[in-house]
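Here's the structure we're looking at; comments come further down.
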Amino acid sequence: RNFKRQYWKRAGLSSGFLCSRFLPSCEATEYDPNLLDDPQWPCGKHKRVLIFASYMTTVIEYVKPSDLKKDMNETFREKFPHIKLTLSKIRSLKREMRNLSEECSLEPVTVSMAYVYFEKLVLQGKLNKQNRKLCAGACVLLAAKISSDLRKHEVKHLIDKLEERFRFNRRDLIGFEFTVLVALELALYLPENQVLPHYRRLTQQS
């Protein structure tokens with residue numbers, strides 16, 4: 001309930017108006033907010049499922065963190081060959097987005113929206129080694145503008161922090177903001193079912 005009140009208040013819209021005015025349709029899209037945060041990813045070939053007469057259990061054998069990371073990234077690449085970044089790098093960028101947002105006092109719903117933008121670009125295969133930080137920064141900036149009542153000096157402070165954290169030029173960020181907007185097909189107002197899973201994970205981790 002708290003999420004719903006906060007989300008629609010920050011969007012400044014009712015859910016019905018959101019679907020009819022800003023989204024092509026309210027039908028389920030291919031985007032899955034749980035895909036890149038699936039806890040099964042780190043297990044890979046080290047997971048064994050044991051089936052007994054009355055129950056089923058999963059056993060994960062001990063493995064070195066470096067080997068587990070390598071196996072996770074290889075499994076991810078096999079499933080999504082069009083994505084140019086490893087899963088560990090994607091998750092690392094998301095942590096940076098969250099840490100920066102907390103430093104700038106952005107609320108979890110804003111971070112959640114930035115995650116959705118970012119993951120959609122990832123799953124579209126839009127990110128690469130050269131533009132990954134600009135994409136992450138632009139997603140945070142767009143989410144903050146949409147979901148927060150930022151004043152001019154607060155936007156400037158956020159851009160300063162993004163520039164410092166991701167080490168890019170603010171001119172490049174401002175220019176890339178429009179590129180991301182086009183890639184997202186201007187769909188910045190998001191259906192609740194895409195944002196809520198991220199919001200729950202963020203608040204549980206706090």
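The values are calculated or read from the model by the stated rules, or taken from the named source; none is laboratory data. The structure displayed is predicted, hence computed values, not measured ones. In this analysis, Cβ positions are derived from the backbone assuming ideal geometry, glycine residues included, and neighbour counts consider all displayed protein chains. For the accessible areas, the whole protein counts, side chains as well, though only heavy atoms, and no ligand, DNA or RNA atoms are used. Shrake-Rupley method; radii C 1.70, N 1.55, O 1.52, S 1.80 Å.
Key figures
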{"read-out": "Considering residues of segment 164-182 that are within 19 Å of the chain's Cα centre (by Cα), open to solvent by 30 Å² or more (accessible area, probe 1.4 Å) and not aromatic (F, W, Y) only, the residue nearest to P108 (Cα to Cα)", "value": "R165"}
{"read-out": "Number of positions in segment 184-195 that are touching a helix residue (DSSP H, G or I) at 6+ places or on another chain (Cβ under 6 Å) and part of a helix (DSSP H, G or I)", "value": "2"}
{"read-out": "Among (1) open to solvent by 40 Å² or more (accessible area, probe 1.4 Å); (2) of a type outside the set (F, W, Y); (3) part of a loop (DSSP other than H, G, I, E, B) - the single one I83 does not satisfy", "value": "(1)"}
{"read-out": "Residue ID - modelled with the lowest pLDDT, chosen from residues in segment 41-72 that are in contact with a strand residue (DSSP E or B) (Cβ under 7 Å, 6 or more places away or on another chain) and open to solvent by 90 Å² or more (accessible area, probe 1.4 Å)", "value": "R48"}
{"read-out": "Hits in segment 100-123 (condition: of a type in the set (S, T, N, Q) and over 13 Å from the mean Cα position of the chain (by Cα))", "value": "S105"}
{"read-out": "Members of segment 26-40 found to be surrounded by 10 or more Cβ atoms within 10 Å (Cβ to Cβ) and modelled with pLDDT of 65 or more, listed by number", "value": "Y31, D32, P33, N34, L35, L36, D37, D38"}
{"read-out": "Selection within segment 141-183 - outside any helix (DSSP H, G or I), among the hydrophobic types (A, V, I, L, M, F, W, C) and free of Cβ contacts under 8 Å to residues at least 12 places away in the same chain", "value": "L150"}
{"read-out": "Any hit, segment 88-104, residues being polar (S, T, N, Q), open to solvent by 40 Å² or more (accessible area, probe 1.4 Å) and assigned to a helix (DSSP H, G or I)", "value": "yes"}
{"read-out": "Out of L202, L190, sole residue that is open to solvent by less than 40 Å² (accessible area, probe 1.4 Å), within 17 Å of the chain's Cα centre (by Cα) and under 14 Å from K120 (Cα atoms)", "value": "L190"}
{"read-out": "Subset of segment 123-139 (residues that are open to solvent by less than 20 Å² (accessible area, probe 1.4 Å) and touching a helix residue (DSSP H, G or I) at 6+ places or on another chain (Cβ under 6 Å))", "value": "L127, C135, A136, G137, A138, C139"}
